Structure formats: C-alpha cells, structure tokens
C-alpha cells in the first residue's frame, strides 16, 4: 500500500483543494472500473458473495450496482 508522500503543512489551501479534486477524480475512475467488472461478473453468474469479496465491496454494493 502506498504511503503519503505529501507534506500537507507546506501546502496552500488552493494546493490542498487541487490535490483533493485530483484524488476524487481518480477514485471515481477506479470505482467505475470496479463497477463495470462487478456487472460483467454478475452477468457471468458469479455469486454475489464471491464478487463482493473479490472486489472489496459489500454485498449490498454489488446488489446496487447490478440492480436493473
């Protein structure tokens, strides 16, 4: 797992806001990719529990993502 390499104490408020926006965009992209994979695996009839464990999400999240 990556460790923080930023020294937040030396950053301006704008730099912190920019960093947070960038990290949020990355998180959204990763989440969308996981959601796409979950949906594909569900279509392949993989079990909800197996899918949830594999992707580190709850069964409730899997159900929400595959709900039609």
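List of remarks:
- Subset of the range 40-68 [within 17 Å of the chain's Cα centre (by Cα) and on the phi > 0 side of the Ramachandran plot]: 56
Here's the yes/no breakdown for (1) surrounded by 13 or more Cβ atoms within 10 Å (Cβ to Cβ); (2) at pLDDT 95 or above:
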residue	(1), (2)
11	yes, no
19	yes, no
55	yes, yes
60	no, yes
64	no, yes
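- Any hit, the range 20-31, residues being in contact with a helix residue (DSSP H, G or I) (Cβ under 9 Å, 6 or more places away or on another chain) and assigned to a helix (DSSP H, G or I): no
- The range 32-53, residues that are surrounded by 14 or more Cβ atoms within 10 Å (Cβ to Cβ) and in a loop (DSSP other than H, G, I, E, B): 46
The values are calculated or read from the model by the stated rules, or taken from the named source; none is laboratory data. Bear in mind the structure is a predicted one, so any value in this text is a computation, not a measurement. Don't worry about glycine lacking a Cβ; one is built from the backbone with ideal geometry, like all the others, and counts go over all protein chains shown.
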